[in-house]
Amino acid sequence: MIRRDFILNTTLTAGAVLALGAGACAPGRELNSIGIQLFSLPKSLEKDLEGSLEMLSRMGYREVELYGPFPFSSESARARWERVTPALGFSGSGFFGRPILEFATLLKQYGLRATSSHIDLETLQTRMTEVGEAARTLGLDCMGISAIPEEKRNSLDDYRRMAEEFNIIGEKAKKEGFKFIYHNHGYGLQEVEGVIPFDLILERTDHGLVFFEMDIYWTSAGGADPIQYLRSYPGRYLAMHLKDMKESVTFSGDGGTSDQWIELFPYMTTVGNGVLDIRSIVQEAQKAGVKHFFVEQDTVQAPEIALKESIDFLKKL
């Protein structure tokens, strides 16, 4: 999920709030409601929202994951987004300029459901009432962050503090009627002083308040095994981002900086067209309780081709 605080390059930093569109499925059964992360086709959505939603529906997608910022997002999140949009080549996000009720009506018109969303940390901390209202209006099951801000994960103590903050946010989210999720972007998967930082968050957060979204690409890029994490932490993963890797590659460092993410963008490919064992990962995810499965191919070229290839593969699992 670049879904998240998206950083275009080492000089441009922006919090990209990506909303989860996911497919629900029962353990051991075929994927019958595959979702799409809308950051896969932002330019298309900005140019022709209705046409893009119709295309996704025609392909067979049934759920969408949103990305921000939203009209109710923190001022700093919206300011970061404005700074990078000229370089990104698009500015559409959230509800793409439509009132939330109109956007919800359009989704329904094309047989799509918004089931999750990415949003920045500060908005969750300071504007939970507005977040909850939006979640209920859209019918979101979950909402969370795509990455911990870099300045808040420089030490094990930072990770401990973030776990405590996640518990607080998770409790508030539960009161608002949605589940808080954390999408890991591949950092924190290597030992620091004998501890895996990501494991620390998994183990220090409340199982009933904090859930996780696995990105199989970034987990693999971080040197971890998606299947092993699913087996080790059943019930913790609520959602999953699906994309493939042309060849097996890992970060040049610890995966903690945007330049390392950008280095690996060229290795992304359509689901089923790479080296990741998609079938086994999805089967294990079903056993572990993953409810939402989203294709995510960040700002992919020719989405009308790539996104169809991905869902066609997943339909055959």
| remark: PHE39 passes all but one of the listed conditions (1) of a type in the set (Phe, Trp, Tyr); (2) surrounded by 19 or more Cβ atoms within 10 Å (Cβ to Cβ); (3) farther than 18 Å from GLY144 by Cα; the exception is number (3)
| request: Find the residue count for the stretch 51-101, including only residues that are assigned to a helix (DSSP H, G or I), under 20 Å from ILE305 (Cβ atoms) and touching a residue at least 24 places away in the same chain (Cβ under 8 Å). | output: 6
| field | Close pairs (8 angstrom Cβ cut-off, 6 or more residues apart or separate chains): within 23 Å of MET214 (Cβ to Cβ) and touching a residue at least 24 places away in the same chain (Cβ under 8 Å) in the stretch 116-127, among the hydroxyl-bearing types (Ser, Thr, Tyr) and in a strand (DSSP E or B) anywhere | value | SER117/TYR67; HIS118/TYR67
| Given the residues GLY177, GLY186, which is the only one that is on the phi > 0 side of the Ramachandran plot and crowded, with 22+ Cβ neighbours inside 10 Å? | GLY186
| message | Out of the helices (runs of 4 or more DSSP H) lying entirely within the stretch 257-317, which hold 1 or more residues that are of a type in the set (Val, Ile, Thr) and within 16 Å of TRP218 (Cβ to Cβ)? | response | 258-264, 278-288
| query | exposed (fewer than 14 other Cβ atoms within 10 Å of the Cβ) and closer than 23 Å to SER33 by Cβ, is that true of LYS315? | reply | yes
| note | Of the conditions (1) hydrophobic (A, V, I, L, M, F, W, C); (2) touching a Leu at 6+ places or on another chain (Cβ under 9 Å); (3) more than 27 Å from THR299 (Cα to Cα), the single one that VAL131 does not satisfy is (3)
| field | Output for the stretch 102-134, where each listed residue is in a helix (DSSP H, G or I) and farther than 13 Å from SER73 by Cα | value | GLU102, PHE103, ALA104, THR105, LEU106, LEU107, LYS108, GLN109
| note | Reported set for the stretch 143-154 where residues are touching a residue at least 24 places away in the same chain (Cβ under 8 Å), surrounded by fewer than 24 Cβ atoms within 10 Å (Cβ to Cβ) and not in a helix (DSSP H, G or I) is PRO149, ARG153
| query | Out of the residues in the stretch 224-254 that are in a helix (DSSP H, G or I) and hydroxyl-bearing (Ser, Thr, Tyr), which is nearest to MET143 (Cα to Cα)? | reply | TYR229
| Test: residue in the stretch 41-55 that is touching a strand residue (DSSP E or B) at 6+ places or on another chain (Cβ under 7 Å) and either modelled with pLDDT of 95 or more or of a type in the set (D, E, K, R) (or both) | no
| Can you tell me which residues in the stretch 242-273 are aromatic (Phe, Trp, Tyr), crowded, with 16+ Cβ neighbours inside 10 Å and either modelled with pLDDT under 95 or farther than 26 Å from VAL195 by Cβ (or both)? | TRP261, TYR267
| task | Would you confirm whether any residue within the stretch 204-220 is out of contact with any strand residue (DSSP E or B) (no Cβ under 7 Å at 6 or more places or on another chain) and over 25 Å from PHE178 (Cβ atoms)? | result | no
| remark: Note on the stretch 184-210: residues under 12 Å from ARG236 (Cα atoms) and not in a helix (DSSP H, G or I) are THR205, ASP206, HIS207, GLY208, LEU209, VAL210
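The values are calculated or read from the model by the stated rules, or taken from the named source; none is laboratory data. Treat the numbers as computed from the prediction; the structure is a model and nothing was measured. Reconstructed Cβ throughout: ideal geometry from the backbone, glycine too, with neighbour counts over all protein chains shown.
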